[in-house]
Structures are given as C-alpha cells and as structure tokens.
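Peer 1: Handing you a structure now.
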Amino acid sequence: MKKLLIRIFLKIEKIVNQERMTMLYNKMKHCGSNVRIDHNCHILVPQQLEIGNNTSISSYTTIYATFGVKVGDNCLISSNCGISSYNHIQNSANRPANIAQDHLYSKAVVIGNNVWIGMNACILPGVSIGDNSIIGSGSVVTKNVPANEIWVGNPARFVKKIEIV
C-alpha cells in the first residue's frame with residue numbers, strides 16, 4: 001500500500017510540474033525546443049526571457065528577466081545561479097527600489113551559445129557572455145566575457161582561452 005501511494009504521489013507531482021512548465025513556457029518571450037528548467041527554479045518576468053534550443057537550467061536558479069535575459073542554444077546553467085537584468089538606484093541614501101529611476105541602472109543580460117555557467121555563479125545586469133565560454137562555480141560576473149574564454153572568481157576574471165577543435 002505504501003509503495004502504491006508513493007507511485008501515485010510521484011505521478012501527480014510529475015503532472016503538476018508538467019503543467020507548471022507548460023504555463024511558464026507559454027509566458028516566455030521565446031522558448032526553443034528541448035529546454036529543461038528544473039521545477040524549483042524562480043523566473044521573474046518570464047515575458048522578457050528568451051531561451052534557445054537544447055538549454056538546461058538546473059535547480060534553485062533564479063532569473064530576474066525584468067529588463068531582458070537572452071540565453072542561447074546548448075547552454076548549461078548549473079544549480080543555484082543568479083541571473084539578473086534588474087538593478088536599483090545607486091546614488092541614493094534611500095535604498096528601497098525606486099521604480100521611476102531603477103531602469104537607468106538596469107540592463108539586459110545576453111548569454112551566447114554553448115555557454116556553461118557553474119554552480120552558484122551570479123551574472124549581473126548588462127553582462128554579455130560570448131559563445132563557448134565557461135563561468136566557474138561561485139563566480140560573480142560584473143563585465144562582459146568574450147567568446148571562447150574561461151572566467152572565474154569574485155569578481156570574475158579571465159583565466160584562459162578555450163581552443164575550439
């Protein structure tokens with residue numbers, strides 16, 4: 001009886017997750033084919049999120065797509081990453097969000113094709129990551145990453161070029 005209840009529960013959970021993902025995909029600006037977003041990810045403003053084909057976003061990743069986030073084809077975004085196009089006013093002693101001025105500091109994020117973002121990485125507003133690049137685990141990306149490069153650290157910095165064969 002216990003095994004039957006577990007199987008029923010797992011089946012219901014699968015159906016609920018499929019429905020949730022279908023609703024999310026339908027809200028997105030663009031969603032390619034063969035995209036996997038783990039059910040415990042948080043996507044804010046999916047209407048501004050574009051994802052290419054064959055891309056995977058692992059558990060506990062949060063994407064703030066308020067001002068646009070574009071993820072290319074064949075990307076791997078590991079668990080617990082943060083990607084944000086939204087930023088707050090920077091020159092004020094009053095730190096709560098100021099919707100009237102936050103747009104001045106917020107910029108779209110662009111992640112190229114075949115990019116691998118390691119676990120716990122953070123991609124800040126206005127950053128572009130070039131094709132075939134790798135962002136190391138725990139890195140905080142504050143500036144643009146050219147194609148075919150590995151960047152790691154806080155703040156993320158160049159480590160080496162990737163030779164494409």
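Each value in this text was obtained by applying a stated rule to the coordinates, not by laboratory testing. Note that the coordinates shown come from a computational prediction; the quantities given were computed from them, not determined experimentally. We place every Cβ from the backbone using ideal geometry, glycine too, and count neighbours over all the protein chains shown.
Peer 1: So, by mean Cβ neighbours within 10 angstrom, what's the order for 70-80, 22-32 with the highest one leading?
Peer 2: Ranking the peptides 70-80, 22-32 by packing returns 70-80, 22-32.
Peer 1: Rounded to the nearest 500 deg cm²/dmol, what is the calculated helix-only ellipticity per residue at 222 nm for the chain, with -39500 (n - 2.57) per DSSP H run of length n ≥ 4?
Peer 2: About -6000 deg cm²/dmol.
Peer 1: Computed from these coordinates, which is Rg/Rh (Cα atoms, Kirkwood Rh): (1) 0.95; (2) 1.05; (3) 1.07?
Peer 2: Checking each listed value against the structure points to (2).
Peer 1: Just need the relative contact order of the chain here, percent rounded to a whole number, with Cα pairs under 8 Å and 6+ apart.
Peer 2: Once divided by the residue count of the chain, the mean separation gives 13 percent.
Peer 1: Report, in degrees rounded to the nearest 10, the 0 to 90 angle that the Cα long axis of helix 2-27 makes with the longest principal axis of the chain.
Peer 2: It is inclined by approximately 40 degrees.
Peer 1: While we're here: So which of 27/143; 29/107; 70/161; 27/70; 70/160; 29/70 end up more than 20 Å apart by C-alpha?
Peer 2: 27/143; 70/161; 70/160
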